[in-house]
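Working notes, beginning with the structure itself.
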Amino acid sequence: VTHFCPPPFTPSLRNQKLPADCVVLNNKSFSVNYADCTIRWGLYESAKKFVGWPIVPGFDIAGIIDSVGSDTNNQYTGTNDGSSTNLVKGDRCFGVTLFGAYSNRVLVPKHQLRKIPDGLSFAEAASLPAVSLTALYALQLAGCFPITNTMKYSNNSILIHSAAGGVGSMLVQISKILCLKP
């Protein structure tokens, strides 16, 4: 997205047209991850390279859609259930952004959001994206995800070091779902 405004500021778009593939999210919750700590320490290389200082940390967001760009070109078709293409003002959504999640309002591409399932709070939803995606990526690197019909496991064992944090805990939960064993 070339028109996405870099954090730390989401500009007032009152006199401008909202980018077609974006929404403005009134952020209700965000999570604090280890990556956010490294940003604050000045050690997160891509934060320095792509955003610079000052920077607003944060990747995981959950809130209520304030405004939606009109994607007349239908460039992004979304998921099979249309969860990101049918976003309307007032929807409860969660997802990820490239920094800036500690903000009250965030301009974010639609495809980075999903509707919050019933029964899940904003805080619970905001706790999921970074740790879940990191855990899934680790399982993908290990050849355990995604599951395909042609996968033949010679060994369905998994070793998870330090399952005390968010990513490790999520690895344990996803591994159970995938029938991987210690």
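Here are a few things to note about the model shown:
- Hits among lysines - C-alpha to C-alpha of Lys181 under 17 Å, sequence gap 8 or more where chains match: Lys152
- Straight-line cross-link partners of Lys17 among the lysines, defined as a Cα under 17 Å from its Cα and at least 8 positions apart when in the same chain: Lys89, Lys110.
- Normalised contact order of the stretch 89-163, rounded percent, pairs of Cα under 8 Å and 6 or more residues apart: 27
- Nearest-10 value in Å² for the accessible area of Lys49, using the 1.4 Å probe: 150
- Heavy-atom accessible area ranking, 1.4 Å probe, most first, across Lys181, Lys110: Lys181, Lys110
The values are calculated or read from the model by the stated rules, or taken from the named source; none is laboratory data. The model shown is predicted, which means the values in this text are computed figures rather than measured ones. Each accessible area value is taken on the protein alone, full model and side chains, heavy atoms only, with ligands, DNA and RNA left out. Shrake-Rupley method; radii C 1.70, N 1.55, O 1.52, S 1.80 Å.
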